[in-house]
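The values are calculated or read from the model by the stated rules, or taken from the named source; none is laboratory data. The model shown is predicted, which means the values in this text are computed figures rather than measured ones. Neighbour counts are summed over all protein chains in view; Cβ atoms, including those assigned to glycine, are modelled from backbone coordinates with ideal geometry.
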Amino acid sequence: MIEKIYKLKQQQINQQIMSKQKVLNQIEELEEEIYKTNDSIRTASVELFGSISDFQVLEIHKSNMRNYMVQLGQKKLELLKRVEYYDNIIVELNKESEQFNYILQEQKKAKLKEIAKNEDLVAAEYTQAKFIQNRKERNA
């Protein structure tokens, strides 16, 4: 039973690690999008002799891209909080898993001690039987 619980905890740990990895991949994608948007803001321009309305449109476009970057930053913060949440879950599951592993190891040690005790008992009985048989042969 303990072994099944231990395996279940290990499986839960693996699931949480996979979930955490998905979130980390999303963060990486967001960082790439933030970089591209920032690059677009820096490289956006109008023609040298464009009208004033061109500059206004450019400024509106840049403002929209800045707002988009802020939104991406907020999403990234939310995802970082989820990563921290998964880290906490993984730590707790690892603690539980280690406890069950300790119990399993103690059970194995107890079984080995019981086997050694039984082997000693069998060896002692064999020795006693041999001793008694040798004594009978000497007396006869």
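Out of segment 9-35, which residues are more than 21 Å from GLU84 (Cα to Cα) and in contact with a helix residue (DSSP H, G or I) (Cβ under 9 Å, 6 or more places away or on another chain)? Passing the criteria: GLU33, ILE34.
Evaluating PHE49 against the criteria (1) of a type outside the set (S, T, N, Q); (2) loosely packed, with under 12 Cβ neighbours inside 10 Å; (3) part of a helix (DSSP H, G or I); (4) at pLDDT below 95 leaves one unmet condition, (3). Is it the case that segment 75-92 has a residue that's farther than 30 Å from GLU32 by Cα and in a helix (DSSP H, G or I)? The answer is yes, given that some residue of segment 75-92 is farther than 30 Å from GLU32 by Cα and in a helix (DSSP H, G or I).
The C-beta contact set for segment 34-49 (first residue farther than 19 Å from ILE60 by Cβ, second residue part of a helix (DSSP H, G or I) and at pLDDT 75 or above, distance under 8 angstrom, 6+ apart or interchain) comprises ILE34/MET69; ILE34/LEU72; ILE34/GLY73; ILE34/LYS76.
For ASN94, indicate whether it is closer than 26 Å to LYS9 by Cβ, surrounded by 10 or more Cβ atoms within 10 Å (Cβ to Cβ), in contact with a Lys or Arg (Cβ under 9 Å, 6 or more places away or on another chain) and not small (Gly, Ala, Ser). Yes; evaluated as a whole, the condition is true for this residue. For VAL91, the conditions (1) within 25 Å of LYS4 (Cβ to Cβ); (2) in contact (Cβ under 8 Å) with a residue 12 or more places away in the chain all hold with the exception of (2). Is at least one residue of segment 84-95 under 30 Å from GLU29 (Cβ atoms), touching a helix residue (DSSP H, G or I) at 6+ places or on another chain (Cβ under 6 Å), among the β-branched types (Val, Ile, Thr) and modelled with pLDDT of 85 or more? Yes, there is a match, as at least one residue in segment 84-95 is under 30 Å from GLU29 (Cβ atoms), touching a helix residue (DSSP H, G or I) at 6+ places or on another chain (Cβ under 6 Å), among the β-branched types (Val, Ile, Thr) and modelled with pLDDT of 85 or more. Please verify whether THR37 is of a type in the set (Ser, Thr, Tyr) and surrounded by 14 or more Cβ atoms within 10 Å (Cβ to Cβ), treating the condition exactly as stated. Yes, satisfied. Scan segment 97-140 residue by residue and report those that are within 18 Å of ILE2 (Cβ to Cβ) and either within 13 Å of the chain's Cα centre (by Cα) or not in a helix (DSSP H, G or I) (or both). Within segment 97-140, SER97 is the sole residue that qualifies. On inspection, LYS62 fails the criterion of being surrounded by 11 or more Cβ atoms within 10 Å (Cβ to Cβ) and in contact with a Leu (Cβ under 8 Å, 6 or more places away or on another chain).
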